[in-house]
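To keep things clear, I will list the structure first and then write my remarks on it.
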Amino acid sequence: MIGSGFGGSVAALRLGRAGVETLVVERGREWPIPNDTELVIGNQDRPNSDMFWMRHITDWPAVVPTLISPVPGVMELSSEAHLNIACGAAVGGGSIVYTGVTVPPPRRYFERLYPGLSWDEFATVWFPKVRATLNASPMPPDVYGSAPFTHSRVWDAHMRKAGHAPAPLDSTFDWGVVRRELAGSVRPSAIAGETDFACSDGAKRSLTRNYLPSALATGKVSLRPLTEVTGLGRTASGRYTVEVRRLAADGSAHGAESLLCDRLFVCAGTLNTNRLLVAARETGALPDLPAEIGTGFGDNGDQFNLYAYTDLPAGPSQGSPCASGTFHDSEFGIPMRAESWQLLGAHGLPVIHTLTMTADFDNRGTFAYDRLRGRVRLADWTRDKSRPSADAGAALNAKVIAANPGVVPFSLTWPFTLTAHPLGGVVLGRSTDLYGRVKGPRGCTCWTAR
Ligand SMILES: Cc1cc2nc3c(=O)[nH]c(=O)nc-3n(C[C@H](O)[C@H](O)[C@H](O)COP(=O)(O)OP(=O)(O)OC[C@H]3O[C@@H](n4cnc5c(N)ncnc54)[C@H](O)[C@@H]3O)c2cc1C
């Protein structure tokens, strides 16, 4: 198993329960979370090397570019042409850096994407099972009513004035920890806007608190952190070879080895699953991988819009859990979800931040192998491919501003669009069957964000 994020942890639990001996190799570190009194990894106000995977300079919205050391930090930020791609790089994968919003897809889009899967079965069996295991729930009224979530209440009020009806969203934040922060008994983390580089007090119910420990408790699953897969291949007898290098916390390499397995689960997230499989196909290491692998990539339409307001109070800080969202089927030209986001650094400032995401079925990208450099890159993404999503997000923001006197546009400029939700490249039902089993080579399965 490559990767210990959502795909890897869930697959490891299923395999462990089925009695299958499973080794999970994970490039990232296991972080000492929770720590109730100190910041474990950096944050936007206090950038440091541990925030990023092997980078020399920070690159994140609202973080002043800062020189850092290339160490196995918690977030990979890959600067592709015209698109920055962010993903987790730690034991627990994206669940360490994500914002815990846990929403099932609307039936109409799920059925369009996966015509062979039963939405009814997912809605009655699988979504509730995941929700219960992750312990996801909406923000309770006392948290929603507290000062650090003033921005959430203002977002809802402004949306309503614009004619939209925000609905509460499920979240994997641990409201008990958030309440302790509000009471002052632990260091403020979630209520101060930390999330992108983890909440050091364990305010998020990351996979390291549910699926992963359950998988390890089966006794059949073992985990090797700081072990990066560098290449895949196959022996003459049909077993998979997995080349790994061991890393130290300071980023230095501590040896390499070749692992052998009968079944290979590639759960390295969208970016790195594509990197590993496209390279394996194009170098001839796994030549029978389907030609579709690497195609059908999308940026989830991620767009960020802001405005400032004068008509309502601003809280002392902006809490990071997302309280609510809206869904827009056709008003903005493309199906779009909007979520009430926060801005760490806007302590006491009347600033509203909205994240919009779209279902753009037309604008897709391709991962290709660059033979000269021996690297897989996103080959054909252009600003035009992000344009429909950018226009839709901006139109919603403009509508909310127009409906609320005293509200003015405000922007944070950044050179590239950022996606925190890279999807596709190994498309379910196209490169794989509907169980994620890769077409072509036997015994290779991909469970990643689709
Ligand atoms: C800042 C941010 C906020 C987000 N907020 C939300 C949210 O609120 N709600 C939501 O639903 N989603 C959110 N997401 C997206 C979510 O995190 C991803 O969709 C999800 O983690 C994808 O799961 P995955 O298993 O495909 O990959 P991941 O969770 O990324 O796991 C892949 C794992 O594989 C490891 N790996 C990669 N390459 C190698 C290699 N070569 N060798 C060994 N190990 C490797 C990685 O280190 C990682 O641990 C957010 C993402 C980011 C970056």
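Determine whether VAL63 is in contact (Cβ under 8 Å) with a residue 24 or more places away in the chain and β-branched (Val, Ile, Thr).
no
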Name every residue in the stretch 78-115 that is of a type in the set (Phe, Trp, Tyr) and assigned to a loop (DSSP other than H, G, I, E, B), in order of residue number. TYR98, TYR114
Quick one: in the stretch 345-359, of everything that is more than 18 Å from the chain's Cα centre (by Cα) and part of a loop (DSSP other than H, G, I, E, B), which residue is nearest to GLY406 (Cα to Cα)? PRO350
If I go through the stretch 313-344 residue by residue, how many of them are of a type in the set (S, T, N, Q), out of contact with any His (no Cβ under 9 Å at 6 or more places or on another chain) and either buried (at least 22 other Cβ atoms within 10 Å of the Cβ) or in a strand (DSSP E or B) (or both)? 2
Scanning the stretch 1-51 for residues that are of a type in the set (Lys, Arg) and part of a helix (DSSP H, G or I), which turns out farthest from the ligand (Cβ to nearest atom)? ARG17
Just the residues that are in a strand (DSSP E or B), within 9 Å of the ligand (Cβ to nearest atom) and crowded, with 20+ Cβ neighbours inside 10 Å, please, taken from the stretch 419-435. THR419
Tell me which of these LEU216 doesn't satisfy, since it passes every other one: (1) within 13 Å of the ligand (Cβ to nearest atom); (2) among the hydrophobic types (A, V, I, L, M, F, W, C); (3) in a helix (DSSP H, G or I). (1)
Which members of the stretch 69-85 meet the condition of being within 11 Å of the ligand (Cβ to nearest atom), buried (at least 22 other Cβ atoms within 10 Å of the Cβ) and within 17 Å of the chain's Cα centre (by Cα)? GLY73, VAL74, MET75, GLU76, ILE85
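So which of PRO105, PRO65, PRO72 is at pLDDT below 95 and in contact with a strand residue (DSSP E or B) (Cβ under 6 Å, 6 or more places away or on another chain)?
PRO65
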Tell me, which residue of the stretch 298-312 that is over 16 Å from TRP414 (Cβ atoms) and surrounded by fewer than 19 Cβ atoms within 10 Å (Cβ to Cβ) is modelled with the highest pLDDT? ALA308
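Residues of the stretch 131-159 being among the polar types (S, T, N, Q) and outside any helix (DSSP H, G or I), which ones?
If the condition is that a residue be among the polar types (S, T, N, Q) and outside any helix (DSSP H, G or I), then ASN135, SER137, SER146 are the ones that fit.
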Which residues, counting only those in the stretch 52-68, are in contact with a His (Cβ under 8 Å, 6 or more places away or on another chain) and either part of a loop (DSSP other than H, G, I, E, B) or buried (at least 19 other Cβ atoms within 10 Å of the Cβ) (or both)? ILE68
Filter the stretch 18-51 down to the residues that are touching a Lys or Arg at 6+ places or on another chain (Cβ under 9 Å) and of a type in the set (Asp, Glu), then identify the one that is surrounded by the fewest Cβ atoms within 10 Å (Cβ to Cβ). GLU38
Residue in the stretch 284-304 that is in contact (Cβ under 8 Å) with a residue 24 or more places away in the chain, over 23 Å from CYS446 (Cβ atoms) and of a type outside the set (Val, Ile, Thr) present: yes
Only residues that are outside any strand (DSSP E or B), more than 16 Å from HIS353 (Cα to Cα), hydrophobic (A, V, I, L, M, F, W, C) and out of contact with any Leu (no Cβ under 6 Å at 6 or more places or on another chain): list them for the stretch 371-401, please. LEU372, ALA379
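Yes or no, residue by residue, for (1) assigned to a strand (DSSP E or B); (2) without any contact (Cβ under 8 Å) to a residue 12 or more places away in the chain; (3) within 13 Å of the ligand (Cβ to nearest atom):
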| site | (1), (2), (3) |
| --- | --- |
| ASP201 | no, no, no |
| LEU223 | yes, no, yes |
| VAL229 | yes, no, yes |
| ALA236 | no, yes, no |
| VAL244 | yes, no, yes |
| ASP250 | no, no, no |
| PHE265 | yes, no, yes |
State all residues of the stretch 401-447 that are within 21 Å of the chain's Cα centre (by Cα) and more than 30 Å from MET159 (Cα to Cα); if no residue qualifies, say none. GLY424, GLY425, VAL426, VAL427, LEU428, GLY436, THR445, CYS446, TRP447
Looking across the stretch 402-418 at residues that are part of a loop (DSSP other than H, G, I, E, B) and surrounded by fewer than 18 Cβ atoms within 10 Å (Cβ to Cβ), the single one that is modelled with the lowest pLDDT is PRO415
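Would you check if GLU121 is of a type in the set (D, E, K, R), away from the ligand (no atom under 16 Å from the Cβ) and surrounded by fewer than 14 Cβ atoms within 10 Å (Cβ to Cβ)?
The answer is yes for GLU121.
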Residues of the stretch 267-299 classified as of a type in the set (D, E, K, R), in a loop (DSSP other than H, G, I, E, B) and within 15 Å of the ligand (Cβ to nearest atom), total: 1
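The values are calculated or read from the model by the stated rules, or taken from the named source; none is laboratory data. Values in this document were obtained by computation on a predicted structure and should not be read as measured data. FYI the Cβ positions are ideal-geometry reconstructions off the backbone, even for glycines, and counts take in every protein chain you see.
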